[in-house]
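Here's the structure we're looking at; comments come further down.
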Amino acid sequence: MSKRTLPRLLQTPAVILLLLWMLVPLSMTLYFSFIRYVLNSLRKPEWTTPALSNWRGFGNYEYVLYNAKDFWFAVQNSVFIVSSILILTVILGLALAMLVNRSFPGRGIVRVLLISPFFIMPAVNAVLWINMILDPVLGLNGIAVSGINEIVAGLKNFPVIGAFFSMWPEIVPMSFRATQTSAYAVIIMVTWQWTPFAVLIFMTSLQSEDESQKEAAILDGANAWSRFRNLTVPHLARPIAIVVMIQSIFHLSLYAEIEIVSRGNGNKNLPYLIGEFTSNNIGAASATGIFAVILANIVAIFLLRMVGKNMMD
Amino acid sequence: MATVSQKSKFGDVFWPIVAWIIALIFFFPIFWLIFTSFKTDADAVKPEFLFSFTPTLENYLNMTENYDYWRFAVNSVITSSFATLFALVVGVPAAYAMAFNPSRHTKDILMWMLSTKMLPAAAVLYPMTFLTKNFLGIFDTHFLVILVLCLINLPIVIWMLFTYFKEIPKEIIEASKMDGVTTWGEIKDILIPLAWGGVASTALLTFIFCWNEAYWTVRLTTTEAATLSKLIEGNRAPEGLFFGRLSAVSTAAVGPIIVLGWFCQKQLVRGLTFGAVK
């Protein structure tokens, strides 16, 4: 056995498995996206089995782009949800990481409390938030708002200040089950879950910051803001890029949260739209799937350019 | 930071308090989930019992009856453990070879493996259903769930192990070769002790990812191999009627994993950033 054979042999199973996992289903999707293929059709029973004779060319793509009213909405919503989560988690993550990056009593416990949401399974996360916290009647949202309303109603009977409070309208709790608001609910719950991840990464990175450089800056009379601006921010550029990249990978395929929060109310992202098509129109589902792959690749190429080069160091 | 914080006494007191408050806010939903799990379904939706109520274990005692909890839990344990095991069996040799005998393609292979992670699962949903249902007949089996969980985590496993193995100084192994240590001896006495920590934390993290996976485990199972994700997803209680029992089963589903997670915070950074942040 030559020196090169053994290492190659050791890598082979992993490479073959991943190659099959990537190529087989994806090439099937590609094939289905070019044929007419539905699961139920009384009028055209021949369309219910995948066959080359049902070739449709780019017909499915055209259908998805021009006729399926939800496609652009789903793309827009995917981008909206992902970018909102990214912005919120990066800002919150930076703020919290700075806050915890100093020693104080109980810091270990604070860290444990902060990181916990990350380990919640997505299904539990969604059920917990949409039912017990955000529900406008039974959740804490509803209970808090009706509590405030009661207090205001009580204050109306007082002399003098009563006149002021009687001008207050009754507050109506926000419902998170409508099309647009359920997207907010998804953003809230995923931000809650992923901020800890950003905190962890920024914290790890802050700890490796060069302290002597900072002290030199203090001696030179640099104020806190300019130290943050000129030393900390450049140091954090890479971790920020990594947080953005990894979260994009995960959130572009967000599914369980949308399924639980928004089933049937019209709010959807690309994976959810594909799921809807899959209940009958496989051709359209596959074409949408290819669009999703393209979108993911654009994001991936863009982000890997940003961070990929020095990832191996 | 030390020099900075010594300057202001006010900040020394103020910022830790802010940190504590924010940490408590972040933990609050989990606390609320656990708290609600000790209320009866009727009490859980009554504002007058918001904080004062008679705690009950009823929800936990009836978990089997209400949700068949243990069947799903056992499925989760089986699929997550075996998927982790298989991912390690395939991943350890691969990462070992890449770290100790890198070729000029190693970087490309690693990058390509990472790129399989970026393939949106939904894009191949129907082919996977079609293949496993009509073609292979393994839909809704433990085998399928284990296979898929293993495959989706394999890139992360290899990346993590690679970063750990790369830190083992090659000189140690070369020196041992000079001393005439056999290959087996090299593995047993040098590699395993040095790599053990890395492999263990990779396993822990992979197990957590498998346990929490919520796309394939939901879409590729019906009853036989359904995991806890599927159980919760199927009982989302849109009318809020079963807050008590739903909280109990959710707590039971996430509790063990949160505790496991506390133990591997540090590894989480490395695992999720593919070794780019340490």
If one builds a Gaussian network model of chain B from Cα atoms under 10 Å apart, the most fluctuating residue listed among B:L191, B:L144, B:L204 is B:L191
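With every protein chain left in place, what is the accessible area per residue of the stretch B:68-272 in square angstrom, probe 1.4 Å?
On a per-residue basis, the stretch B:68-272 sits at 39 Å².
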Among A:V110, A:L155, A:L65, the residue whose Cα sits farthest towards the positive end of the charge dipole of the stretch A:1-158, when +1 is placed on the Cβ of each Lys and Arg and -1 on the Cβ of each Asp and Glu, is A:V110
Taking B:V254, A:V299 and ranking on accessible area (1.4 Å, protein atoms only), highest first, one gets A:V299, B:V254
accessible surface per residue for the stretch B:2-58, probe 1.4 Å, DNA/RNA/ligands not counted, whole Å² -> 60 Å²
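Using a Förster distance of 60 Å, how high is the FRET efficiency between A:W225 and B:V259, based on the Cβ-Cβ distance and rounded to 0.05?
0.90
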Largest fluctuation, B:T141, B:T54, B:T222 only, Gaussian network model of chain B with Cα springs under 10 angstrom, belongs to B:T54
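Keeping all protein chains in place and using 1.4 angstrom, which order do B:K9, A:K44, B:K177 fall into by accessible surface area, from largest down?
I get B:K9, B:K177, A:K44, largest accessible area first.
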Most packed first (mean Cβ within 10 Å per residue), the peptides B:121-129, A:52-60, A:177-185 order as B:121-129, A:177-185, A:52-60
Partner shielding of B:260-271, as the mean number of partner chain Cβ atoms within 10 Å, equals 4
Computed about the Cα centre, the charge dipole of the protein assembly as shown from +1 Lys/Arg and -1 Asp/Glu charges at the Cβ has a magnitude in debye, to the nearest 20, of 1200 debye
Heads up, chain A by the C-alpha gyration tensor (a ≥ b ≥ c square roots of eigenvalues; a/c under 1.5 rounded, else a/b over b/c prolate, else oblate) looks oblate
Chain A accessible area per residue, 1.4 Å probe, protein heavy atoms, integer Å², reads 46 Å²
Share of accessible surface on carbon and sulfur in the stretch B:166-278, whole %, 1.4 Å probe and ligands ignored, is 64 percent
Calc'd 3J(HN,Hα), the stretch B:33-40, phi into Karplus 6.51 cos²θ - 1.76 cosθ + 1.60 (θ = phi - 60°), Hz, glycine/Pro = x, comes to 4, 5, 4, 5, 5, 9, 9, 6
Quick calc: nm separation of the 7 Å Cα→Cβ label points for A:T49 and B:S81 -> 4.4 nm
Shielding of A:139-146 by other chains, given as the mean Cβ count within 10 Å, works out to 2
Carbon and sulfur atoms account, in whole percent of the 1.4 Å probe accessible area of chain A, for 67 percent
A chain fully extended from B:F143 to B:E167 at 0.36 nm per residue, minus the present Cα-Cα distance, gains in nm 5.2 nm
Per the C-alpha gyration tensor (a ≥ b ≥ c, the square roots of its eigenvalues), chain B is rounded if a/c is under 1.5, else prolate if a/b beats b/c, else oblate; here it's oblate
By accessible area (1.4 Å), largest first, B:D140, A:D70 order as A:D70, B:D140
Full extension between A:N265 and A:L23 adds, at 0.36 nm per residue less the Cα distance, a length in nm of 83.7 nm
Here the FRET efficiency for A:Q207 versus B:T129, based on Cβ atoms and R0 = 51 Å and rounded to 0.05, is 0.65
Between chains B and A, the summed loss of accessible surface on complex formation, probed at 1.4 Å and reported to the nearest 100 square angstrom, is 9000 Å²
Under a Gaussian network model of chain A whose springs join Cα atoms within less than 10 Å, the largest fluctuation of A:I298, A:I249, A:I35 belongs to A:I298
Descending packing, highest mean Cβ count within 10 Å first, for A:12-18, A:157-163, B:59-65, B:88-94 is B:88-94, A:12-18, B:59-65, A:157-163
With R₀ set to 35 angstrom, the calculated FRET efficiency between the beta-carbons of A:V112 and A:V38, to the nearest 0.05, is 0.10
Surpassing 21 Å at the alpha-carbon level, of the pairs A:K214/B:K166; B:K166/B:K188; B:K107/B:K170; A:K44/A:K268; B:K117/B:K188; B:K107/B:K166, are A:K214/B:K166; A:K44/A:K268; B:K117/B:K188
In the stretch B:146-238, the GluC sites (Glu not before Pro) that sit in a DSSP loop and have at most 13 other Cβ atoms within 10 Å of their own Cβ are B:E167, B:E224
Treating only Lys and Arg (+1) and Asp and Glu (-1) as charged, each at its beta carbon, one finds that the stretch B:2-58 has a dipole about its Cα centre, in Debye to the nearest 20, of 400 debye
Shielding of A:275-284 by other chains, given as the mean Cβ count within 10 Å, works out to 2
Carbon plus sulfur, as percent of the 1.4 Å-probe accessible area of the stretch B:2-58, comes to 77 percent
With all protein chains in place and a 1.4 Å probe, A:M306 shows an accessible area in Å² (nearest 10) of 100 Å²
Taking the chain alone as reference and the full protein assembly as comparison, with a 1.4 Å probe on protein heavy atoms only, the residues of the stretch B:71-102 that lose at least 40 Å² of accessible area are B:V90, B:A97, B:N101
The long-range amide H neighbours of A:I35, using H built 1.01 Å from N in the peptide plane and a cut-off of under 5 Å, are A:R56
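The values are calculated or read from the model by the stated rules, or taken from the named source; none is laboratory data. What you are looking at is a predicted structure, and each value in this text was computed from that prediction instead of being measured. Cβ: placed from backbone, ideal geometry, glycine included. Neighbour counts: every protein chain shown. For the accessible areas, the whole protein counts, side chains as well, though only heavy atoms, and no ligand, DNA or RNA atoms are used. Shrake-Rupley method; radii C 1.70, N 1.55, O 1.52, S 1.80 Å.
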